[in-house]
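The values are calculated or read from the model by the stated rules, or taken from the named source; none is laboratory data. Small disclaimer: the values here were computed from a predicted structure and weren't measured. Cβ coordinates were reconstructed from backbone atoms using ideal geometry, including for glycine residues, and neighbour counts include every protein chain displayed.
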Amino acid sequence: MLKIGCCGFPVARRRYAATLAVAEVQQTFYQPPRVETARRWREEVPPEFEFTLKAWQLITHEASSPTYRRLRRPLSPAERDQAGFFKDTPLVRQAWEATREIARTLKARTILFQCPARFAPTEENRRRLRRFFHEITDEDFVYAWEPRGIWDRQEVAETCRELGLLPALDPFNTSPFPGSQAYFRLHGKGGYRYAYTEEDLKALGEMAAPYREGYVLFNNQHMWYDACRFAELWR
């Protein structure tokens, strides 16, 4: 039940879905597509193919992030103050509604919340994180959380247990947490241009072996080649 894929589509969707079992949609982080577009994506792949997706950056990243350059419409000054860090604002709530709508259209069951390194473990950020996830617990999704920066490993584990979150991590950078599910995101050892070696993929297989289900998603320059090689090795 471990599904292997890429963060994004490095090749045409139909070809991709004939080879790999899952893809993590990146566009939803920058600007969610139209519902009609997401519906077409769903129709282009087999019923058993799975999408995961990244939550819209308006939920996780403040408006000072350079990734906001890819928004179709610039935020107003008032909206900029409302954006990111799981704030209890109309803009964040609207961003969640948009994320949820696309997830349902894609029939996705897992949504990734990737936080910037600036989202530090302050009391205010902890409070916002708890409030946000407590409010959406009635949704029929699995929520994966990828903290970055100076979050303590033990606090991440405790927060995930408390809020029912699936820790998302690069197992070559952070030791995997015990549990039944995995959400591995492979960013490249030392950087995006890295190509994983046969020894790397064997080590990855050993790290993934204890999990009953989950995802191994490559997010490096050679993601298609590396994901296909790992899928073949995993078989």
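Determine whether region 116-125 contains at least one residue that is touching a helix residue (DSSP H, G or I) at 6+ places or on another chain (Cβ under 8 Å) and part of a helix (DSSP H, G or I). Among the residues of region 116-125, not one is touching a helix residue (DSSP H, G or I) at 6+ places or on another chain (Cβ under 8 Å) and part of a helix (DSSP H, G or I), which makes the answer no. Just one of the listed residues (59, 102) is in contact with a Pro (Cβ under 7 Å, 6 or more places away or on another chain) and either within 30 Å of residue 149 (Cβ to Cβ) or assigned to a loop (DSSP other than H, G, I, E, B) (or both), and it is 102.
Determine if region 225-233 includes at least one residue that is in a loop (DSSP other than H, G, I, E, B) and either at pLDDT 95 or above or touching a strand residue (DSSP E or B) at 6+ places or on another chain (Cβ under 6 Å) (or both). There is no residue in region 225-233 that is in a loop (DSSP other than H, G, I, E, B) and either at pLDDT 95 or above or touching a strand residue (DSSP E or B) at 6+ places or on another chain (Cβ under 6 Å) (or both). Against the definition (surrounded by 21 or more Cβ atoms within 10 Å (Cβ to Cβ), farther than 25 Å from residue 3 by Cβ and at pLDDT 95 or above), how does residue 95 come out, yes or no? It is true that residue 95 is surrounded by 21 or more Cβ atoms within 10 Å (Cβ to Cβ), farther than 25 Å from residue 3 by Cβ and at pLDDT 95 or above. Sub-8 Å Cβ pairs linking a first residue in region 137-161 that is within 16 Å of residue 59 (Cβ to Cβ) and in contact (Cβ under 8 Å) with a residue 12 or more places away in the chain to a second residue that is of a type in the set (Phe, Trp, Tyr) and assigned to a loop (DSSP other than H, G, I, E, B), at least 6 apart or interchain, are 147/119; 148/119, ordered by first then second residue. Applying the criterion of being part of a helix (DSSP H, G or I) and without any contact (Cβ under 8 Å) to a residue 24 or more places away in the chain to the residues of region 17-55, the residue that is farthest from residue 226 (Cα to Cα) is 36.
Does residue 215 qualify as being in a loop (DSSP other than H, G, I, E, B) and in contact with a strand residue (DSSP E or B) (Cβ under 7 Å, 6 or more places away or on another chain)? For residue 215, the condition - in a loop (DSSP other than H, G, I, E, B) and in contact with a strand residue (DSSP E or B) (Cβ under 7 Å, 6 or more places away or on another chain) - is not met.
Only one residue in 172, 132 is out of contact with any helix residue (DSSP H, G or I) (no Cβ under 6 Å at 6 or more places or on another chain), crowded, with 17+ Cβ neighbours inside 10 Å and not in a loop (DSSP other than H, G, I, E, B), so which one is that? Write out each step before concluding.
Details: 172 fails: not in a loop (DSSP other than H, G, I, E, B).
The match here is 132.
Taken as a whole, region 64-85 holds no residue that is surrounded by 18 or more Cβ atoms within 10 Å (Cβ to Cβ), farther than 18 Å from residue 31 by Cα, of a type outside the set (A, V, I, L, M) and touching a helix residue (DSSP H, G or I) at 6+ places or on another chain (Cβ under 8 Å).
Against the list (1) of a type in the set (D, E, K, R); (2) exposed (fewer than 12 other Cβ atoms within 10 Å of the Cβ); (3) under 19 Å from the mean Cα position of the chain (by Cα); (4) at pLDDT 95 or above, the condition residue 199 fails is (3).
For region 149-161, enumerate the residues that are of a type outside the set (A, V, I, L, M) and either touching a helix residue (DSSP H, G or I) at 6+ places or on another chain (Cβ under 8 Å) or surrounded by 14 or more Cβ atoms within 10 Å (Cβ to Cβ) (or both). Give the steps one after another, and end with the answer.
Here is the first cut: in region 149-161, the residues of a type outside the set (A, V, I, L, M) are 149, 151-155, 158-161.
Answer for region 149-161, where residues must be of a type outside the set (A, V, I, L, M) and either touching a helix residue (DSSP H, G or I) at 6+ places or on another chain (Cβ under 8 Å) or surrounded by 14 or more Cβ atoms within 10 Å (Cβ to Cβ) (or both): 151, 159, 160.
Determine, yes or no, whether residue 75 is part of a loop (DSSP other than H, G, I, E, B), out of contact with any His (no Cβ under 6 Å at 6 or more places or on another chain) and in contact (Cβ under 8 Å) with a residue 12 or more places away in the chain. Criteria met by residue 75.
One residue alone among 143, 194 is of a type in the set (Ser, Thr, Tyr) and assigned to a loop (DSSP other than H, G, I, E, B), and that residue is 194.
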